[in-house]
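J.: I am attaching a structure below and will ask some questions about it afterwards.
No value in this document is a laboratory result; all are computed from the given coordinates. Treat the numbers as computed from the prediction; the structure is a model and nothing was measured. Every residue, glycine as well, gets a Cβ built from its backbone with ideal geometry; the counts of neighbours run over all protein chains shown.
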Amino acid sequence: MSRERSKGIVGIFILVTVLFFIFIVFAFYTVSQLKDTNSMGESLMDKAKNSPIAVISIENEIMESRKVVEMLIAAEEEKDIKAIILRIDSPGGAVAPTQEIYEEVRRIDKKKPIYASFGTVAASGGYYIGSACRKIWANAGTLTGSIGVIMQMADLSELFKWAKYKPETIKAGLYKDIGNPGRPMTDAERMYLTDLLAGTHKQFKDDILAVREKRLKKPIDELAQGQIFHGREAKEVGLVDEVGSLWQAGRAIHKELKLKGEFSLRYLKPSKKKFSLSEILQDTEDTLSYLKGKVETKTAPAYKFSM
């Protein structure tokens with residue numbers, strides 16, 4: 001009797017384990033589909049697969065470049081695609097991936113024209129990428145500009161002192177713990193970071209000038225103080241070329257390039273992840289967090305360096 005009961009318990013345990021594994025598989029597949037859909041645009045199937053104008057969406061904060069670069073290269077290699085529109089709706093993001101996308105746009109544009117259409121917001125890194133395109137359309141109410149670089153940190157030393165919390169840091173290298181919230185920043189550290197940001201800011205301005213220098217109505221230093229412009233203001237100062245929607249931009253491009261056939265747009269989407277056991281196990285924690293409405297982010301340094 002005891003042996004049969006033990007077998008029953010083991011059977012129930014195995015059943016629960018299998019059901020849990022099936023749930024994880026289903027959850028991973030569902031969330032991966034949601035991520036692909038929500039991160040890069042429309043969930044509907046493309047109705048204009050033969051359109052010569054491809055649309056690549058850049059949305060939300062820019063933290064990685066791989067998906068966008070892969071779509072750019074795919075559009076570059078597709079012979080039927082004669083032009084590319086970057087539909088940018090982003091407040092900016094990390095410096096390096098923004099610059100990687102910028103460089104690919106510049107390279108591909110020499111062989112196949114790339115244009116930009118700004119949505120609700122195309123600021124900072126979003127504008128950086130748009131500036132690489134040969135022509136920019138913005139809606140009248142688009143928020144754009146914000147040409148600058150920012151780094152934020154906090155001095156919590158007084159709070160630590162009040163809480164009787166005494167952090168200790170062991171380091172090798174004068175600036176290794178720069179931004180440590182457990183102590184005030186030194187003058188030398190503040191100057192070091194200021195120079196670092198100034199160098200990146202100069203890269204930002206230089207890259208804008210590389211494409212748009214003759215179109216700007218004011219000196220770049222006057223336009224690159226982090227201020228925000230709406231679409232009409234941006235056109236007046238030369239940060240964008242035309243005020244109009246994505247479809248207005250598409251029709252103008254279709255006419256300008258004298259493309260054949262009826263006007264339509266081909267929305268490109270990133271390639272889907274392969275559905276494998278290793279991917280499931282690797283993303284289990286993120287999947288469960290996503291279902292709770294809290295996507296877990298990777299550990300970040302004490303300071304955030306972004307544009």
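J.: Restrict the search to the stretch 211-252; then list the GluC sites (Glu not before Pro) that DSSP places in a loop and that have at most 15 other Cβ atoms within 10 Å of their Cβ.
T.: Values: sites: Glu213, Glu222, Glu233, Glu236, Glu242; in loops: Glu213.
Those satisfying the criteria are Glu213.
J.: In sequence order, what are the phi-derived ³J(HN,Hα) couplings for the stretch 138-151 according to the Karplus relation 6.51 cos²θ - 1.76 cosθ + 1.60 with θ = phi - 60°, rounded to whole Hz, with x for glycine and proline?
T.: These are the phi-based 3J(HN,Hα) values: 9, 5, 4, x, 4, 8, 9, x, 6, 7, x, 10, 9, 9 Hz.
J.: Moving to a separate point now. For Gly92, which sequence-distant residues (separation of 5 or more, or a different chain) have an amide H within less than 5 Å of its own amide H, given hydrogens modelled in the peptide plane?
T.: The list, which skips near neighbours in sequence, is Ile62, Ala123, Gly125, Gly126.
J.: Apply the Karplus curve 6.51 cos²θ - 1.76 cosθ + 1.60, θ = phi - 60°, to the phi angles in the stretch 154-171 and return the couplings in whole Hz, x for Gly and Pro.
T.: In residue order, the calculated couplings are 9, 9, 9, 4, 5, 5, 4, 5, 5, 7, 6, 9, 10, x, 10, 10, 10, 9 Hz.
J.: Would you please give the residues with an amide H less than 5 Å from that of Arg87, counting only those at least 5 places away or on a separate chain, with H modeled from the backbone geometry?
T.: Under 5 Å from the amide H of Arg87: Ile56, Ser57, Ile58, Ser117.
J.: Excluding Thr194 itself, what net charge comes from residues whose Cβ is under 14 Å from its Cβ, given Lys and Arg +1 and Asp and Glu -1?
T.: That works out to -1.
J.: Structure shown: which of Lys111/Lys217; Lys111/Lys205; Lys217/Lys255; Lys171/Lys202; Lys205/Lys255; Lys111/Lys135 lie over 20 Å apart, alpha-carbon to alpha-carbon?
T.: Lys111/Lys217; Lys111/Lys205; Lys217/Lys255; Lys171/Lys202; Lys205/Lys255
J.: Taking H placed 1.01 Å from N in the peptide plane, check which residues at least 5 places from Asn139 or on another chain put their amide H under 5 Å from its amide H.
T.: Residues meeting the amide H criterion: Phe118, Gly244.
J.: Which of the chymotrypsin sites (Phe, Trp or Tyr not before Pro) across the stretch 139-244 are loop residues per DSSP, with 11 or fewer other Cβ within 10 Å?
T.: Tyr165
J.: A further question on this structure: Just to check, using Stokes-Einstein with a Kirkwood Rh over alpha carbon pairs, what's the diffusion coefficient of the stretch 117-270 at 25 °C and 0.890 mPa s in µm²/s?
T.: Taking Rh from Cα pairs, D becomes 131 µm²/s.
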